[in-house]
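Since the structure comes first, as C-alpha cells, the remarks are kept for the end.
The values are calculated or read from the model by the stated rules, or taken from the named source; none is laboratory data. Please read these numbers as outputs of a predicted model, since none were measured by experiment. All Cβ positions, even for glycine, are placed from backbone atoms using ideal geometry, and neighbour counts span all protein chains on display. The accessibility values were calculated without ligands, DNA or RNA, using every heavy atom of the protein model including side chains. Shrake-Rupley method; radii C 1.70, N 1.55, O 1.52, S 1.80 Å.
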Amino acid sequence: MDVNLVTVLAVLAVTVTQTSETLFPGAFNCCTKISDQIPKGILQRAERFEIQKADGLCHLEAVILYIEGRKFCVSPEIRKVKKWMKKNKHKTPRKKLHGRKQRRAKVIKRKEKKQ
C-alpha cells in the first residue's frame, strides 16, 4: 500500500513540474541575482542578450548575456553594458509575429464582352 502511494505521489509531482514549465516558461528563466561589475572579456564574447524587465514573474531588471550556452545576469545600469548594448542591437532575439508571411490573393480582372 505504501509503495503505491509513493509511486502515485512521484508521478503527480513530475506531472505538475512538467505542466508548470510548459504553462509558465518565463517563471523558471528569471535572473535572481545580478552582478554590478563585469569584465570586458565577457562583453566581447557575448553571442546575444535579452533584457529582463521587473514586471510579472521576474522581480529584477537585468541584462542576460549568453556566452557559449551559459547565461550571465548583469545590472542594466552598468555604463559598459549600456554602451555595448547600443553598439550590438542586432544581437537581440527578434520576435516573430507570424510563422510565415501571408499571401495576397490575386485579383483577376475579367474582360467584359461587348454586344
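Tabulated values for the structure
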| read-out | value |
| --- | --- |
| Residue within segment 61-73 that is exposed (fewer than 10 other Cβ atoms within 10 Å of the Cβ), over 17 Å from the mean Cα position of the chain (by Cα), modelled with pLDDT of 85 or more and not aliphatic (A, V, I, L, M) present | no |
| Residue count, segment 74-101 (criterion: modelled with pLDDT under 90 and among the polar types (S, T, N, Q)) | 2 |
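Okay, residues lined up against (1) more than 12 Å from the chain's Cα centre (by Cα); (2) open to solvent by less than 70 Å² (accessible area, probe 1.4 Å); (3) modelled with pLDDT under 75:
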position: V16; (1), (2), (3): yes, no, yes
position: S20; (1), (2), (3): yes, yes, yes
position: L23; (1), (2), (3): yes, no, yes
position: T32; (1), (2), (3): yes, no, no
position: S35; (1), (2), (3): yes, yes, no
position: G41; (1), (2), (3): yes, yes, no
position: R45; (1), (2), (3): yes, no, no
position: L57; (1), (2), (3): yes, no, no
